[in-house]
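Working notes for the structure below.
The values are calculated or read from the model by the stated rules, or taken from the named source; none is laboratory data. These numbers come from a predicted model, not from an experiment. Neighbour counts run over all protein chains shown; Cβ positions are idealised from the backbone, glycine included. Only protein heavy atoms, including side chains, enter the accessible area calculation; ligands, DNA and RNA are left aside. Shrake-Rupley method; radii C 1.70, N 1.55, O 1.52, S 1.80 Å.
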Amino acid sequence: MYPVKRSSQRLDLRELSVEDVDAVFAIYGSGEATAHLSFEPRSHAEVSTIVARSMASAAVTPRTEYALAVIERDSTELIGFGRIATDPHQQRGATFGFALRPDTWGAGYGLETVRLLLALGFEELDLHRIWGARSPINEASAKTMTAAGMIEEGTIREHIYKGGQWRDSVVHAILDHEWRDLQTG
């Protein structure tokens, strides 16, 4: 499926382009934005490679990764990065993640982003299960995923090595029939 284009009231999801490197760097290069993610802040060169790899993965058949720009519709600015990746070990399953520019936090964009990604997964990709993991201290992400209908399933112990220490991850997931019930209910 290419190109991906989904919209909500205030946001658009679209394919990444070379012109997005600086805007993605504002997120992935930020210590604040990556504090709860699984990696340290990235260099500009690393972000350039990530964007190029994401663009290349969009052309692969069958497509297994959907790395997308989150665009604020009013300003047309890239304010986030969202990703769904199918899991070869799970029938019709995928992982997802997202990150937003810190100056946009607290405005409900996280919830809109998660809903757009879940809609893509269930309505376009015919997935059965989508899951994501968060840092145990990232309460904002916990609230966002719960508000989107995701269920906290448990903890993956010492899942991430970051900052010289192991960190757990808390898993949230949603199933296709749960998503449909939310849409009709």
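Take the conditions (1) open to solvent by less than 70 Å² (accessible area, probe 1.4 Å); (2) among the hydrophobic types (A, V, I, L, M, F, W, C); (3) farther than 16 Å from A26 by Cα; A59 misses just one of them, which is (1).
Residue count for region 36-69, restricted to those that are farther than 20 Å from P3 by Cα, hydrophobic (A, V, I, L, M, F, W, C) and in contact (Cβ under 8 Å) with a residue 12 or more places away in the chain: 3. Close Cβ contacts (under 8 Å, 6 or more residues apart or on different chains) running from residues in region 143-170 that are closer than 18 Å to G110 by Cβ to residues that are open to solvent by less than 50 Å² (accessible area, probe 1.4 Å) and of a type in the set (S, T, N, Q) comprise S169/S135; V170/S135.
Would it be correct to say that R115 is part of a helix (DSSP H, G or I) and under 28 Å from Q183 (Cβ atoms)?
Numbers: part of a helix (DSSP H, G or I): yes; under 28 Å from Q183 (Cβ atoms): yes.
So R115 fits the description; yes.
Starting from region 107-129, take each residue that is of a type in the set (D, E) and list its partners that are outside any helix (DSSP H, G or I), counting only C-beta distances under 7 angstrom and pairs at least six apart or across chains. The qualifying pairs are E112/S8; E112/R10; E112/L11; E124/M1; D126/R92. Scanning region 61-78 for residues that are on the phi > 0 side of the Ramachandran plot and charged (D, E, K, R) returns no hits.
For region 167-176, does any single residue satisfy the condition of being of a type in the set (S, T, N, Q), touching a Ser or Thr at 6+ places or on another chain (Cβ under 8 Å) and closer than 24 Å to E65 by Cβ? Break it down into steps so the answer makes sense when it comes.
Initial filter on region 167-176 (of a type in the set (S, T, N, Q)): 169.
Those still in the list that are touching a Ser or Thr at 6+ places or on another chain (Cβ under 8 Å) too: 169.
Then drop every residue that is not closer than 24 Å to E65 by Cβ, which leaves 169.
Within region 167-176 (the criterion being of a type in the set (S, T, N, Q), touching a Ser or Thr at 6+ places or on another chain (Cβ under 8 Å) and closer than 24 Å to E65 by Cβ), the answer is yes, since at least one residue qualifies.
Regarding region 83-96, can at least one residue be identified that is β-branched (V, I, T), crowded, with 22+ Cβ neighbours inside 10 Å and not in a strand (DSSP E or B)?
Just the residues of region 83-96 that are β-branched (V, I, T), to begin with: 84, 86, 95.
Going one step further and asking which of them are crowded, with 22+ Cβ neighbours inside 10 Å, we end up with 84.
After this cut, where a residue has to be not in a strand (DSSP E or B) as well, the list is none.
Scanning region 83-96 turns up no residue that is β-branched (V, I, T), crowded, with 22+ Cβ neighbours inside 10 Å and not in a strand (DSSP E or B).
Inside region 1-36, residues that are open to solvent by 40 Å² or more (accessible area, probe 1.4 Å) and not in a helix (DSSP H, G or I) make up a count of 11. Exactly one of these conditions fails for R42: (1) surrounded by fewer than 17 Cβ atoms within 10 Å (Cβ to Cβ); (2) assigned to a loop (DSSP other than H, G, I, E, B). Give me its number. Result: R42 fails condition (1) only. For I137, the conditions (1) part of a strand (DSSP E or B); (2) over 15 Å from the mean Cα position of the chain (by Cα) all hold with the exception of (1).
Listed by first and then second residue, the pairs with beta-carbon distance under 6 Å, at least 6 apart or on different chains, first residue in region 1-13 and without any contact (Cβ under 8 Å) to a residue 40 or more places away in the chain, second surrounded by fewer than 16 Cβ atoms within 10 Å (Cβ to Cβ) and not polar (S, T, N, Q), form an empty list.
Can you pull out the residues in region 142-169 that are assigned to a strand (DSSP E or B), surrounded by fewer than 15 Cβ atoms within 10 Å (Cβ to Cβ) and either in contact with a Leu (Cβ under 6 Å, 6 or more places away or on another chain) or among the polar types (S, T, N, Q) (or both)? Once the filter is applied, which keeps residues that are assigned to a strand (DSSP E or B), surrounded by fewer than 15 Cβ atoms within 10 Å (Cβ to Cβ) and either in contact with a Leu (Cβ under 6 Å, 6 or more places away or on another chain) or among the polar types (S, T, N, Q) (or both), region 142-169 yields T155, Q165.
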